[in-house]
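K.L.:
Quick one: the structure is below, and I'll ask about it shortly.
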Amino acid sequence: MKEQNKVTIVGGGLAGSEAAYQLARRGHQVVLFEMRPRVTNDVHLGAGLAELVCSNSFRSDDACHPAGLLKREMEVLGSLIMKCARGTAVLAGGALAVDRNLFSEAVTSQIENHNLIELVRREVTAIPDEPAIIAAGPLCSKRLAEPLFHQLGHESLYFYDAIAPVIELDSLDLDVLFYQSRYDKGTGSDYLNIPLSQEEYIQFHTELTQAERVEQKKHEKLKFFEGCLPIEEMADRGRDTLRFGPMKPVGLTNPHTGKTPYAVIQLRQDDMAKTLWNMVGFQTRMKWGEQKRLFRSLPGMARARFTRYGMIHRNTYINSPLYLDETFKVKGSHALYVAGQISGVEGYLESAASGLMAALHLHRQLSNHKSIPFPEETAMGSLAKYISFKEHRSFQPTNVNFGIFPDLEKRMPKKMRRKHYVERSWRSFEAFLHKIEEEPSSTIPWPFN
């Protein structure tokens, strides 16, 4: 391998780890920089790569769901993140969720033991020499963010994200709570449920809207990602907003009463030992004392012990339609790419997918092959198209969803659309793999067969 083909990657999160692995498995020498544990932040706790903070879930694993489709495209391309996620999965109904510690350990081991990857534990404070991929994440350090946005000639964009509390199982009253997945998906009992009566729900909603919150900074507005709103922000929108959102009771029956509860709070397994449980959809910016007081007032939660309270954090991202093309390459650069949530995708899954795409495009560039964007009909291509689409009135990060796919040629009932989106996507993905002469991973079966 020629020295000029050594690739620098900044950031050992999901995008950076995926990109490093993909380039190394295609024969490129990689230097991966990760600032932790030397430099830390308020959210990440350890030194492991690909640390999950907000949630331990990669969302739906249904092949006809956009997130499920994205997973399968990544797996066909030999995704490290998907391989490690499958290997550390915990029960989560129809979703793919992981033991976050074992997942991080698995990714770290794969990176540290690859003979073409050098892991350097040091903060990067300047734009690296090309070829390079900046995958510093939404919590990019200020000393790197400043030169990056200076080079782009534009100030950063931002939104506030939030994380949910995690609770010890043996502190909960299991005579009140009950095990069940919505519509009995998975094993049928993958989630713990806190049932609320109408009176209990109304009281909880009232207390929630009045609870003391972490104050916003005086110099900037609190802008939240709509797909991950703090529960108190949702409660402010109306009394029933939560009951039709994260507290919806549909598909659940309380075995203690034989009836569907008025509202439900679900807890999802957070580790393989089933000792820790995450409050699903309960990201919050309430002060910690308020969280303890309010959540302990819920049925079965009087003695709840919290191993982590919810909190908010500021996510930085670039105005990517101005600066990135469909390959995640910085416009006008020779070989500088940006991947991960700082590129304008939202979510762990999407972050890893962007790292995979950036790595594949950089590999083709270093191999003197023509750059070919992923087709917009595919899940991966729809994300690439979205972050590079110039006509956004106001660019906001997004998860993968069928709303960013091209419209179907024919109108049809909603129930039929998913199948047609997936079938069209897969035909396009197969043709794309043939065009770029990329062999599917031999260890991953082709989906939808």
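The values are calculated or read from the model by the stated rules, or taken from the named source; none is laboratory data. Since this is a predicted model, take the numbers as computed values, not measurements. Virtual Cβ from ideal backbone geometry, glycine too; neighbours counted across all protein chains shown.
K.L.:
Could you give every pair whose Cβ atoms fall below 6 Å, whose first residue belongs to segment 188-215 and is under 28 Å from residue 90 (Cβ atoms) and of a type in the set (Val, Ile, Thr), and whose second residue is outside any loop (DSSP other than H, G, I, E, B) and modelled with pLDDT of 95 or more, counting only separations of at least 6 or pairs across chains?
P.N.:
From segment 188-215, the pairs are 194/265.
K.L.:
Name every residue in segment 57-91 that is in contact (Cβ under 8 Å) with a residue 60 or more places away in the chain, surrounded by fewer than 24 Cβ atoms within 10 Å (Cβ to Cβ), hydrophobic (A, V, I, L, M, F, W, C) and in contact with a strand residue (DSSP E or B) (Cβ under 9 Å, 6 or more places away or on another chain), in order of residue number.
P.N.:
67, 90, 91
K.L.:
Does residue 47 qualify as being buried (at least 19 other Cβ atoms within 10 Å of the Cβ), under 30 Å from residue 282 (Cα atoms) and in the same structural domain as residue 137 (by TED's automatic domain parsing)? Full working, then the answer.
P.N.:
Values: buried (at least 19 other Cβ atoms within 10 Å of the Cβ): no; under 30 Å from residue 282 (Cα atoms): yes; in the same structural domain as residue 137 (by TED's automatic domain parsing): yes.
So residue 47 fails the test.
K.L.:
Could you check segment 281-303 and list, in sequence order, the residues that are among the aliphatic types (A, V, I, L, M) and either under 27 Å from the mean Cα position of the chain (by Cα) or part of a helix (DSSP H, G or I) (or both)?
P.N.:
First, pick out the residues of segment 281-303 that are among the aliphatic types (A, V, I, L, M): 286, 294, 298, 301-302.
Correct list: 286, 294.
K.L.:
So, one more: I'd like the full set of residues that are surrounded by 16 or more Cβ atoms within 10 Å (Cβ to Cβ), within 17 Å of residue 136 (Cβ to Cβ) and among the hydroxyl-bearing types (Ser, Thr, Tyr), limited to segment 8-44.
P.N.:
Passing the criteria: 8, 17.
K.L.:
So, one more: Residue 346 - would you say it is within 21 Å of the chain's Cα centre (by Cα), over 22 Å from residue 363 (Cα atoms), assigned by TED's automatic domain parsing to the domain that holds residue 399 and not polar (S, T, N, Q)?
P.N.:
yes
K.L.:
Here is a further query. Which of the residues spanning segment 152-189 are of a type in the set (D, E, K, R) and at pLDDT 95 or above? Outline the logic, then answer.
P.N.:
Pass one, segment 152-189, residues of a type in the set (D, E, K, R): 155, 161, 168, 170, 173, 175, 182, 184-185.
Answer for segment 152-189, where residues must be of a type in the set (D, E, K, R) and at pLDDT 95 or above: 168, 170, 173, 175.
K.L.:
Another one. Working only within segment 282-302, note down all residues that are charged (D, E, K, R) and crowded, with 18+ Cβ neighbours inside 10 Å. Spell out the reasoning first.
P.N.:
The first filter runs over segment 282-302 and keeps only residues charged (D, E, K, R), leaving 285, 287, 290, 292-293, 296.
Across segment 282-302, the qualifying residues are 285, 290.
K.L.:
Can residue 133 be described as buried (at least 20 other Cβ atoms within 10 Å of the Cβ), in the same structural domain as residue 298 (by TED's automatic domain parsing) and outside any loop (DSSP other than H, G, I, E, B)? Full working, then the answer.
P.N.:
Values: buried (at least 20 other Cβ atoms within 10 Å of the Cβ): yes; in the same structural domain as residue 298 (by TED's automatic domain parsing): no; outside any loop (DSSP other than H, G, I, E, B): yes.
For residue 133, the condition - buried (at least 20 other Cβ atoms within 10 Å of the Cβ), in the same structural domain as residue 298 (by TED's automatic domain parsing) and outside any loop (DSSP other than H, G, I, E, B) - is not met.
K.L.:
Output the residues belonging to segment 348-366 that are free of Cβ contacts under 8 Å to residues at least 60 places away in the same chain and either of a type in the set (D, E, K, R) or in contact with a Gly (Cβ under 9 Å, 6 or more places away or on another chain) (or both).
P.N.:
From segment 348-366, those free of Cβ contacts under 8 Å to residues at least 60 places away in the same chain are 357, 361; that's our starting set.
Within segment 348-366, 357 is the sole residue that qualifies.
K.L.:
Provide a single number: the residues in segment 106-128 that are over 21 Å from residue 27 (Cβ atoms), among the β-branched types (Val, Ile, Thr) and in a helix (DSSP H, G or I).
P.N.:
1
K.L.:
Separate question: Would you check if residue 354 is closer than 18 Å to residue 430 by Cα, among the polar types (S, T, N, Q) and either touching a helix residue (DSSP H, G or I) at 6+ places or on another chain (Cβ under 8 Å) or buried (at least 24 other Cβ atoms within 10 Å of the Cβ) (or both)? Reasoning before the result, please.
P.N.:
Working: closer than 18 Å to residue 430 by Cα: no; among the polar types (S, T, N, Q): yes; either touching a helix residue (DSSP H, G or I) at 6+ places or on another chain (Cβ under 8 Å) or buried (at least 24 other Cβ atoms within 10 Å of the Cβ) (or both): yes.
No; evaluated as a whole, the condition is false for this residue.
K.L.:
Kindly establish whether residue 305 is farther than 19 Å from residue 140 by Cβ, buried (at least 22 other Cβ atoms within 10 Å of the Cβ), outside the structural domain of residue 372 (by TED's automatic domain parsing) and touching a residue at least 40 places away in the same chain (Cβ under 8 Å).
P.N.:
Values: farther than 19 Å from residue 140 by Cβ: yes; buried (at least 22 other Cβ atoms within 10 Å of the Cβ): no; outside the structural domain of residue 372 (by TED's automatic domain parsing): yes; touching a residue at least 40 places away in the same chain (Cβ under 8 Å): yes.
Answer is no for this residue.
K.L.:
Just checking, how many residues over segment 107-130 are touching a Phe, Trp or Tyr at 6+ places or on another chain (Cβ under 6 Å) and crowded, with 19+ Cβ neighbours inside 10 Å?
P.N.:
1
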